[in-house]
Amino acid sequence: VFDERTGTFTAPVDGFFYVSANVRVDPKDSRYLRVIVKSSADPGFTDGAAHVIHGAPASGSTYSQPRYDTYTATGVMKLNKGDQLNVWVFNINESRTVVPYVVDSSSGFSVVCLKELV
């Protein structure tokens, strides 16, 4: 069940779910950006079933980048009934401080139950 107000998906059943987040970030003024679809059952950011990382968080990396970028994180996650999923975006510059950004309205988040566990 998806709550449009909070952007949270709550698993209606135990099962395996295909998850996908397509995120456009404006402006992208950092050298490191990470998008994660995170389960409420994971207290940290370790489940890693659906995430994408762009760039290197360490200082000293050099390459030019556009002012925006699009990221897609996909994967299959085992969820229990009531587990919640959210999309998290981290945008960090070379001094390891959070950089302001806007997630563009063309971004999206999809979840499909592949197999219900009984």
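Considering only residues in the range 35-62 that are in contact with a strand residue (DSSP E or B) (Cβ under 8 Å, 6 or more places away or on another chain) and over 25 Å from Glu116 (Cα atoms), the one that is modelled with the highest pLDDT turns out to be Val35.
Among the residues examined, Lys28 qualifies as charged (D, E, K, R), in a loop (DSSP other than H, G, I, E, B) and modelled with pLDDT under 75.
The values are calculated or read from the model by the stated rules, or taken from the named source; none is laboratory data. What you are looking at is a predicted structure, and each value in this text was computed from that prediction instead of being measured. With ideal geometry, Cβ positions are generated from the backbone for all residues, glycine too; neighbour counts draw on all protein chains shown.
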